[in-house]
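Trainee: Pasting a structure here, questions to come.
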Amino acid sequence: MNNSVAAADLNLSKRRAALCLTTLAWAVLVFYLSTEKFGSDFSQRLVGQALTLLHINVSPRAVHILDTLLRKFAHLTEYGILALFVYGSFAQEQPFRWKLRQAVGCIGIVGLYSLTDEFHQRFVPGRHASLLDCGIDVAGAAIALIIIFEARRLFRLASD
């Protein structure tokens, strides 16, 4: 093996190790965000403060709806990011090539993690477990990976 191949392999190994650590850190953050501290009271305060800052007055029902939308969008986003980290952690070469089987596996891993997180919430005061949230989490993972696939495809078309 020549030196340039060995150096490329070492760089890929370092990049994968960094991605694995980042993935683990993000998973811990997701778990932490499922604690009582970041429950509905917290997000309702955020929505209320944002509306006050924008000088918008809405009914308590509208605040509740906005809070629910914010929380569901947060699920999509945090699990979409987790899926991207997981996908990158499993990449075997650089640049990361799109592999449907790998993407589906990553979505499965994220879905299983989502189930463990919802199970955790069963035991957190002020929180509850929701299979709907798991579905939203899996959708976020799938959407993130589809966006990456489409972006790579579009960039490839643009460069041709």
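The values are calculated or read from the model by the stated rules, or taken from the named source; none is laboratory data. None of the values given here were measured: they were computed from a predicted structure. Counting neighbours? That spans all protein chains shown, and the Cβs are built from the backbone with ideal geometry, glycine included. Heads up: the accessible areas ignore ligands, DNA and RNA and are worked out on the full protein's heavy atoms, side chains in. Shrake-Rupley method; radii C 1.70, N 1.55, O 1.52, S 1.80 Å.
Trainee: Being in contact with a Gly (Cβ under 8 Å, 6 or more places away or on another chain) and surrounded by fewer than 18 Cβ atoms within 10 Å (Cβ to Cβ) is the requirement here; does Val63 meet it?
Mentor: yes
Trainee: When only residues in the stretch 25-48 that are in contact (Cβ under 8 Å) with a residue 40 or more places away in the chain and of a type in the set (Ser, Thr, Tyr) count, which is surrounded by the most Cβ atoms within 10 Å (Cβ to Cβ)?
Mentor: This residue is Ser34.
Trainee: A follow-up question, please. Just wondering, is there one or more residues in the stretch 102-118 that are surrounded by 14 or more Cβ atoms within 10 Å (Cβ to Cβ), farther than 30 Å from Lys14 by Cα and in contact with a Leu (Cβ under 8 Å, 6 or more places away or on another chain)?
Mentor: So far as the stretch 102-118 goes, yes, one or more of its residues are surrounded by 14 or more Cβ atoms within 10 Å (Cβ to Cβ), farther than 30 Å from Lys14 by Cα and in contact with a Leu (Cβ under 8 Å, 6 or more places away or on another chain).
Trainee: Among (1) touching a residue at least 40 places away in the same chain (Cβ under 8 Å); (2) within 17 Å of Phe31 (Cα to Cα); (3) of a type outside the set (D, E, K, R), there is one condition Ser130 misses while meeting the rest; what is its number?
Mentor: (1)
Trainee: If you go through the stretch 19-51, how many residues are assigned to a helix (DSSP H, G or I) and over 17 Å from the mean Cα position of the chain (by Cα)?
Mentor: Number satisfying all stated conditions: 14.
Trainee: Say whether the condition of being of a type outside the set (Ser, Thr, Tyr), within 13 Å of Gly80 (Cβ to Cβ) and within 13 Å of the chain's Cα centre (by Cα) is met by at least one residue in the stretch 125-137.
Mentor: Yes, the stretch 125-137 contains at least one residue that is of a type outside the set (Ser, Thr, Tyr), within 13 Å of Gly80 (Cβ to Cβ) and within 13 Å of the chain's Cα centre (by Cα).
Trainee: A further question on this structure: Quick one: which of His55, His128 is touching a Lys or Arg at 6+ places or on another chain (Cβ under 9 Å), of a type outside the set (Phe, Trp, Tyr), over 30 Å from Arg16 (Cβ atoms) and open to solvent by 90 Å² or more (accessible area, probe 1.4 Å)?
Mentor: His128
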